[in-house]
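Read through the structure below, which is laid out as structure tokens, and then see the notes.
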Amino acid sequence: MAIPTVFIVSVAVFALVRLIPGDPASLMLGDAGDAAALEALRERLGLNKSIFNQYVIWAGNIFQGDFGRSIANQQPILPMLVDRFAVSAEIVLAAVLLSAIVAVPAGMLAAWRQNSMTDLALVTGATLLLSIPAFWMGLLLLLVFGLQLNWLPIVGYVTFGEDPVKALLYLILPVTTLFLHEIGVILRMMRASTLEVLNQEYITHARAKGLAESTIVFRHAFRNAFGPTWTLLGLILGNLLGGIAIVETVFTIPGLGRMLVDAIFARDYPVIQACLLFIALVYVAVNLVVDLLYPLFDPRVAAQ
């Protein structure tokens, strides 16, 4: 299903960009372009061809790895996409990994201690974190740890190749922002899945055999309970890789989301089109990998 999904997405992206008002050729030439120059540029870009032929040419170029050139700076788009995606991936992967490490055990603990003060505290905290918008969380962290305490740099980005220590310091606040925002949804999903599994008959049988409660939860219940959460992690990862434009804007990080926002303001149609398609491809690829790895975490799928 990944192949037809990519095809449908490519058609949708191509059609949506074509619906944006304005002429790319006029935008590229500006006020200095005359009618002859505009016509020549439209001929070179293929804008004078039918929509179907334009899509075929564009899709063929994409298949060969040619995403076109930016109107704003005339640079090839693919290297720009790869560089910006690498920046976003650093933040998203770290945030999702930390969220899973913290939220999965916490969700199982909340299910294990259902209706206790521990369960109430964990669920309340998760709900509170989930209800705070990511950009507002980022602004609060900037205000407290950047401006008032002056512990961390406020905005900017440094690559690990330039200075690993500074790069780590600049990533702490954006990673923490996403980390805190995603903990809530992962914890609640893991709690719900664990509660469902703990009510199964094989768990009752394990308790009747006299197994320790911790052994039952972490050895027998974990794999069956983690399956839905694993799917959710794939969805979160795909969403964040293409949807952290707000966080990147708050912290002035040159990631993929920020690139898309800048292209929209500049009306850089080729970059907008390439970013949307690239984000969709990443989303499909991430969820394809999640589905392929699902049998490793859910023994019921492996048995089939």
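Highest mean packing first, where packing is the average number of other Cβ atoms within 10 Å per residue, the peptides 93-104, 72-83 line up as 93-104, 72-83.
How far, in degrees from 0 to 90, does helix 35-45 lean away from the longest principal axis of the Cα atoms of the chain, to the nearest 10? Result, in degrees: 40.
By the equivalent-ellipsoid construction on the alpha carbon gyration tensor, the range 162-288 comes out with semi-axes of 41, 18, 11 Å, ordered largest to smallest.
Charges were assigned to the Cβ only: +1 to each Lys and Arg, -1 to each Asp and Glu. The resulting dipole of the chain about its Cα centre is roughly 800 debye. Residue by residue, the range 8-14 carries 3J(HN,Hα) couplings of 4, 5, 4, 5, 5, 4, 4 Hz when phi is fed to the Karplus relation 6.51 cos²θ - 1.76 cosθ + 1.60 (θ = phi - 60°); x denotes Gly or Pro.
What size of dipole, in debye to the nearest 20, comes out for the range 111-202 about its Cα centre when the only charges are +1 on Lys and Arg C-beta atoms and -1 on Asp and Glu C-beta atoms? Dipole about the Cα centre, nearest 20: 180 debye. In sequence order, the range 188-204 has phi-based couplings of 5, 5, 5, 5, 5, 5, 5, 4, 5, 5, 5, 8, 6, 5, 5, 6, 4 Hz under the Karplus curve 6.51 cos²θ - 1.76 cosθ + 1.60, θ = phi - 60°, and Gly or Pro positions carry x. Helices in the chain, meaning DSSP H runs of at least 4 residues, each add -39500 (n - 2.57). Divided by all residues, the mean residue ellipticity at 222 nm is -24000 deg cm²/dmol.
Compute the label zone of S214 within the range 81-125: residues whose backbone N is under 19 Å from the point 7 Å along Cα-to-Cβ. Residues 102-114, 118-119 qualify, since their backbone N sits under 19 Å from the label point. Please name whichever of H205, V250, L237 sits farthest to the positive end of the charge dipole of the range 203-275, dipole taken about the Cα centre and charges placed at Cβ: Lys and Arg +1, Asp and Glu -1. Toward the positive end, the furthest listed residue is H205.
The order of the peptides 249-258, 218-227, 196-205 by mean Cβ neighbours within 10 Å, most packed first, is 249-258, 218-227, 196-205.
No lab work stands behind these numbers, since they all come straight from the coordinates. Nothing here was measured: the structure is a model prediction, and the numbers come from that model. Here Cβ is always computed from backbone atoms with ideal geometry, including for glycine, and neighbour counts include all displayed protein chains.
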